Amino acid sequence: MPTARSTPNIALIKYWGNRNDELRLCAADSISMTLDGPYVDVTVDHAERFALTSTTKQLTEKERARFAKTLELIKRYLATIDLADALPASLAIEIDSHIPQSIGLASSSAVFSAFAKAIAELIENSYGTAGRKPALGKLDGHSALTDEQISVMARLGSGSAARSIFGGYGAIRNLPGDGIGDAIGYQIAPETHWRLHDIIIVPSTEEKKVGSTEGHGKAGTSPHFLDRIAAIPRRIEECTDAILTKDFEKLQHVAEEDSMDMHHCMQTQNPPLNYLSTETMRIVREVESLRKAEHLPVLCTMDAGPTVHLFCEEEARERVLAYAKAQTKCALFEAKTGTGAQIVSW
Ligand code: PMV
């Protein structure tokens, strides 16, 4: 029974909207940094009937349905890469989450990347062992699924999860077709290339009223959506270049432009989604002033919630942390660039 561990990633160029909602085929490319914590462990095992358990919480019917659907899509995808019989009738899945609810971090990128990684390990280790059918296609007893293929499986549960398969700076690239495998994750640079800190300020720990899955489905109703999609290729190029050359100022400009642009799209879609609170905007303004006054390498970015991620270089960490600690009504969490999904036990 393989157990995979994974962590959330925070987008620098955001994924918002799909070209196919069921298959979670992203409308545009995206880039993120994988965090080194908090983590989720997911264990999978062969089973005749689908079973999903969590060590830490009562799962809802909606959550069960999402996992069952993801498993169905993963089987559909495996069939397209000659692995139609790679998984048994069903799976028993156990989730052991160490992501505190109170820090406002979406756990789906961590959960579904760990799920995909554990499935890949199960497939690899099942083939060639006694009592199992030999592989029909690409797995001939020794070769694993590639990280790109594992990222596709992760994406079928949560689009952003495709990026957490990779350490450091992960991304999603759309391929020309509309098939289930036509949006894949890849790595821009590993965690050792550029260690950044993410100081996370959580102004509110209220549950989100509308989750991102629902939100993606309405992204196309924003009159701003097509302009956003048209601007993404230039931003991807700038962000990739900023990461590869470790140019923080360039990263700051493009990441902040894209974050505000995604929120503009969310706020103008129908029905509108406003994830940013007055507290979020106060923090964003104050960090901007702090950056100017003290020439600090720090940037602000927000995903589908009011939580502010302050990415910074080592030299700015102490000052940014001191600012964050002064926000007495907010929860605080700290992470840095992490390794992505890993197998931790079998
Ligand atoms: O992977 P999802 O469906 O939870 O969507 C993630 C959406 C954002 O967090 C807002 C942006 C992103 O690229 O992670």
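Only the coordinates and a few stated rules stand behind these numbers; no lab work does. In this text, all values refer to a predicted model and were calculated from it rather than measured experimentally. With ideal geometry, Cβ positions are generated from the backbone for all residues, glycine too; neighbour counts draw on all protein chains shown.
Ignoring everything except DSSP H segments at least 4 long, calculate the 222 nm mean residue ellipticity for the chain; use -39,500 (n - 2.57) per segment, divide by total residues, nearest 500. Value at 222 nm, helices only, nearest 500: -12000 deg cm²/dmol. Mean projected area of the convex hull spanned by the Cα atoms of the chain, taken over all viewing directions: 16.7 nm².
Take every Cα pair under 8 Å whose residues are at least 6 apart in sequence, average their separation, divide by the length of the chain, and the relative contact order is 26 percent.
In degrees, nearest 10, range 0 to 90: what is the angle between the Cα axis of helix 61-80 and the longest Cα principal axis of the chain? Approximately 60 degrees, to the nearest 10.
Converting phi to 3J(HN,Hα) with the Karplus coefficients 6.51, -1.76 and 1.60 and the offset θ = phi - 60°, segment 300-306 yields 10, 8, 10, 8, 7, x, x Hz in sequence order, with x at every glycine or proline.
Annotation: the residues R66, R76, R5, sorted from fewest to most other C-beta atoms within 10 Å of their own C-beta, follow the order R76, R66, R5.
Classify segment 186-300: rounded, prolate or oblate, from the alpha-carbon gyration tensor (a ≥ b ≥ c, eigenvalue square roots; a/c under 1.5 rounded; otherwise prolate if a/b is larger than b/c)? Oblate, because a/c is 1.5 or more while a/b does not exceed b/c. Ranked for footprinting exposure by Cβ neighbours inside 10 Å, fewest first, D303, D178 give D178, D303. Rounded to the nearest whole Hz, the Karplus-based 3J(HN,Hα) values (6.51 cos²θ - 1.76 cosθ + 1.60, θ = phi - 60°) of segment 276-284 follow the sequence 8, 9, 5, 5, 4, 5, 4, 4, 4, with x at glycine and proline.
Using the structure shown, select from K250/K336; K14/K57; K246/K292; K62/K218 the pairs with a Cα to Cα distance greater than 24 angstrom. Can you show the working numbers first?
Details: K250/K336 19 Å; K14/K57 29 Å; K246/K292 20 Å; K62/K218 19 Å.
Correct reply: K14/K57.
Using the average count of surrounding beta-carbon atoms within 10 Å as a protection proxy, the listed peptides 149-157, 282-290 rank, highest first, as 149-157, 282-290. For K117, a cut-off of 20 angstrom between C-alpha atoms picks up these lysines, skipping any fewer than 8 places away in its own chain: K69, K75, K138.
Residues of segment 207-237 falling in the label zone of F50, defined by backbone nitrogen less than 19 Å from a point 7 Å along Cα to beta-carbon, are 213-214. Taking the fewest neighbouring Cβ atoms within 10 Å as the starting point, the ordered list for M266, M1 is M1, M266.
Put simply, the amide H of S158, placed in the peptide plane, has no neighbours under 5 Å, leaving out anything fewer than 5 places away on its chain.
In plain terms, the chain from T221 to T146 could stretch by 23.4 nm, reckoned as 0.36 nm per residue minus the Cα-Cα distance.
For A183, the amide hydrogen comes within under 5 Å of the amide hydrogens of L175, counting only partners 5 or more places away or on other chains and with H modelled in the peptide plane.
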